[in-house]
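Encoded as C-alpha cells, the structure appears first; notes follow it.
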Amino acid sequence: MSRSLIAPIALACTLLCATQARADSVSFAGFANGSESVNVQLSNPNVANSLWTSAGGFTASLNGGPSFVSYCIDLYEHIAFGPTYTDYTLVSGASHAFANANAAFDIGKLYAEKNVVNTAKTQAAFQIAIWEIAYETSGIYDLGTGSSKFFGGSADTSGALALASTWLGALSTTTDPAFKISALDSIGRPGHQDQVFAKPVPEPTTYAMMAVGLLCMGAFARRRLVRQD
C-alpha cells in the first residue's frame, strides 16, 4: 500500500478512535410509549430488598442527534427526564460490565426477534426482558426465580410480565445475528442509569462503501501531493 493512501486511512482511524473515547451527552425526553409498574428483587450483583419501579423504553438523544429508544440496564441508579447528562460514554454492548456474562449476546437476540414494541405494555415487556437478561446469572431466564425476580404491579395485570416471559422463552430458537447492541455507560460518581440500544449490523455492502470512501480519500490526497510537487 502506498504511503499516500496509508496517511488518510490512519487519519480516519485516529478520528474514529478519538470520537469513541470522548464523553458523550445524553438526554431523555420521557417514556417512548408509556410504562408499567413492576416489583423487582435482585440478589446479584448485591442483595437488595424488593423495589417498585416503572418499566418502559426511553426516548433518548445522543450528542444532540435524532431521538431513539433506549432501555435501562442499571436498576441501582436513576435518571430524570429533561436534563442533558454529560457523564456518558458510548461503548459496545460487549464492553459493558453486565452481571450476566451472556447478556450482550442475548439482548442482541432479543432485539433480533423483531417483536412489535409500540405500546406501554410491549415496551414494559421488552424492558423487563432486558433486565432479566442483564441480571440473571443462573443461566435460566425465569422472571419468578433466580437472581432477578419480577412480579406484581400493572405489568402483571396488563400482561406485560407474561409477554416478557414469552419473548425470553423464544431466545433459544433465535439465531438471527442481525443486531448488535451498544451501551451508554455513565462514568460519573454518583452516576446515572446505564442504557442499551441496538442497530442492525451493517450489510457487507456498507463495509464495501466505507472501503471505497477511504480509497477515494487516498486518491484525492495523492492527487494533491502530485499537484504540489
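Accessible surface calculations at 1.4 Å, restricted to protein heavy atoms, place region 54-103 at 45 Å² per residue.
Assuming R0 = 35 Å, can you tell me the calculated FRET efficiency for the pair residue 80 and residue 199, based on Cβ-Cβ distance, to the nearest 0.05?
0.85
Across region 75-154, the relative contact order, built from alpha-carbon pairs under 8 Å that are at least six residues apart, equals 23 percent.
Quick one: pull the percent of accessible area on region 129-170 belonging to carbon and sulfur, 1.4 Å probe, ligands and nucleic acids left out.
Values: 910 of 1550 Å².
That fraction is 58 percent.
Heavy-atom surface analysis with a 1.4 Å probe gives region 36-93 a carbon and sulfur content of 54 percent of its accessible area.
Just subtract the alpha-carbon distance of residue 50 and residue 92 from 0.36 nm times their residue separation and send over the number in nm, one decimal.
So the chain would gain 12.1 nm between residue 50 and residue 92.
Ordered by solvent-accessible area of protein heavy atoms (1.4 Å probe), largest first, the residues 113, 132, 77 come out as 77, 113, 132. The chymotrypsin sites (Phe, Trp or Tyr not before Pro) found in region 65-131 that occupy coil by DSSP, while having at most 15 further C-beta atoms within 10 Å, are 76, 81. Accessible area per residue for region 112-191, computed on protein heavy atoms with a 1.4 Å probe, is 43 Å². The slack between residue 59 and residue 115, meaning 0.36 nm per residue of separation minus the straight C-alpha distance, is 18.3 nm.
The values are calculated or read from the model by the stated rules, or taken from the named source; none is laboratory data. If you're wondering where the values come from, they're calculated on a predicted model, not measured in any experiment. Note: ideal-geometry Cβ built from the backbone for every residue, glycine included; neighbour counts use all protein chains shown. Ligands, DNA and RNA are excluded from the accessible area calculation, which covers all protein heavy atoms including side chains. Shrake-Rupley method; radii C 1.70, N 1.55, O 1.52, S 1.80 Å.
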